[in-house]
1. Rounded, prolate or oblate for the range 176-281? Axes are the square roots of the Cα gyration tensor eigenvalues, ordered a ≥ b ≥ c, and the cut-off for rounded is a/c under 1.5.
2. Could you give the length gained by full extension between SER248 and ASP151, i.e. 0.36 nm per residue of separation minus their alpha carbon distance, to one decimal place?
3. Once you have the Cα-Cα distance between ARG175 and GLU238, take 0.36 nm times their residue separation minus that, and quote the gain in nm to one decimal.
4. Between (i) 30.8; (ii) 27.8; (iii) 17.8, which entry matches mean projected area of the Cα convex hull in nm² as derived from the coordinates of this structure?
5. So how much slack lies between ALA80 and HIS368, counting 0.36 nm per residue of separation and subtracting their Cα-Cα distance, in nm?
6. Just tell me which lysines come within less than 27 Å, Cα to Cα, of LYS323; anything on the same chain fewer than 8 places away is out.
7. Leaving out ligands and nucleic acids, and using a 1.4 Å probe, what accessible area per residue does the range 241-376 come to in Å²?
8. Run the accessible area of the chain with a 1.4 Å probe and give the carbon-and-sulfur part as a rounded percent.
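The values are calculated or read from the model by the stated rules, or taken from the named source; none is laboratory data. Bear in mind the structure is a predicted one, so any value in this text is a computation, not a measurement. Using ideal geometry, Cβ is built from the backbone for each residue, glycine included, and neighbour counts are taken over all protein chains shown. The accessibility values were calculated without ligands, DNA or RNA, using every heavy atom of the protein model including side chains. Shrake-Rupley method; radii C 1.70, N 1.55, O 1.52, S 1.80 Å.
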Amino acid sequence: MIPVSDFLEIASEHTSDSDVRSRAPARFAGSSAAAPVVIWNVCMHCNMTCPHCYAAAVSSPSPTDLTTAEACDLLEQLAACGVRVVIFSGGEPLLRPDLFELLALASALGISPQLSSNGVCIDERRAERLAASGVAYVGISIDGIPSFNDDYRGLDGGHAAAVRGLRCAKAAGMRTGLRTTLTRRNADQIEAMIALAGDLAADRFYLSHLLYSGRGFHVADDDLARAAVRAILERVFEIAESLRKAQSELRIVTGSNDSDGVFLLRWIERRYGAGAAARVRALLLARGGNSAGEKILNIDSRGRVHPDQFWRSAVLGDLRQQKFAAILEHPLREQLRRRLDFIQGRCAECAERVLCRGSHRERALAHHRDAWASDPACVMEDAEIGVGTAPGERVASEVA
């Protein structure tokens with residue numbers, strides 16, 4: 001995740017880097033040996049049929065989902081290993097009957113539970129129960145204006161219900177985020193989604209890039225060309241800057257493409273100068289680029305552990321057969337810590353590779369059939385990152 005608004009405040013010297021780090025301490029942790037944030041798909045079923053669903057969620061409950069006893073044991077193992085944040089996801093997590101029991105247990109164990117939802121099941125009563133269970137943040141996905149969103153996500157009235165859910169979550173005292181996945185189908189609606197997030201007093205607008213995972217693999221052609229993505233990102237940065245100047249509480253972040261950080265760095269250098277860019281570069285270095293398998297792990301509904309929620313073909317272990325502590329020792333985690341030794345192609349040539357660390361390996365795998373190949377969705381042009389040029393020809397700012 002690239003905290004665009006926070007980085008713009010650093011660039012303009014309206015906040016300190018320690019303030020930015022304090023908002024996401026796990027993301028800016030200095031060591032990848034620290035316990036990871038866990039994204040847990042607590043069930044495989046959903047009341048929507050989004051074409052880009054990375055989990056390829058189904059319509060009916062799966063008999064392979066972890067039982068309540070297994071789920072409680074999982075949380076106890078996570079707590080014992082030092083995990084302090086678990087994002088409860090799905091499918092649609094609110095369709096799991098024992099969700100509130102699991103959320104309350106997580107809180108009792110010292111784990112901060114967060115919720116990633118489509119929002120349509122959240123009403124006033126459920127929002128109050130979520131808050132009482134210790135949920136501090138609810139992220140809700142809406143992919144466009146009502147007519148588009150409901151058709152795209154496969155549920156009539158889904159937009160209105162998600163808006164209601166976000167309002168109820170906010171009223172119950174939880175922090176809220178509105179998440180939109182960018183594709184060529186909704187590229188013209190991103191500004192409307194940011195405006196909606198502002199109207200709903202959401203704390204965060206999260207622009208996610210498309211990942212070619214689950215059903216998303218079959219709609220990879222919906223991804224935008226580099227020039228189109230860059231144009232949208234520049235507009236998003238401009239809006240974030242306008243919100244900052246207006247002292248808006250809405251924070252803009254982007255996710256699922258770590259090259260956004262390098263693109264933002266160049267944008268800041270043009271707008272604010274080399275000194276501002278140097279401050280932001282230091283934070284990008286501390287952030288550490290993509291951290292799948294290191295600071296992030298995923299547990300699917302059957303208890304299998306993956307480097308992140310998108311890289312389902314890489315299985316680090318199975319909690320029905322192994323303990324979480326043993327799974328943490330899987331050799332792929334060490335390879336991912338040393339990923340700069342393994343990435344190939346354009347990513348290996350990139351002068352800024354230490355800032356994004358090759359971005360998403362699962363997208364490389366889907367596109368190139370090679371997990372160590374270059375990420376095809378990089379937003380940077382070759383000349384900006386020294387690709388195809390001799391080392392001596394690279395500009396100083398690219399290797400500083």
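1. Oblate shape, in that a/c is at least 1.5 and b/c is the bigger or equal ratio.
2. In short, 31.8 nm is gained.
3. Taking 0.36 nm per residue and subtracting the Cα distance, the gain is 20.3 nm.
4. So the structure-derived entry is (iii).
5. Values: separation 288, 0.36 × 288 = 103.68 nm, distance 3.82 nm.
Gain in length upon complete extension: 99.9 nm.
6. LYS295
7. Solvent-accessible surface per residue comes out at 38 Å².
8. Numbers: 8180 of 15660 Å².
Within the chain, the accessible surface is 52 percent carbon and sulfur.
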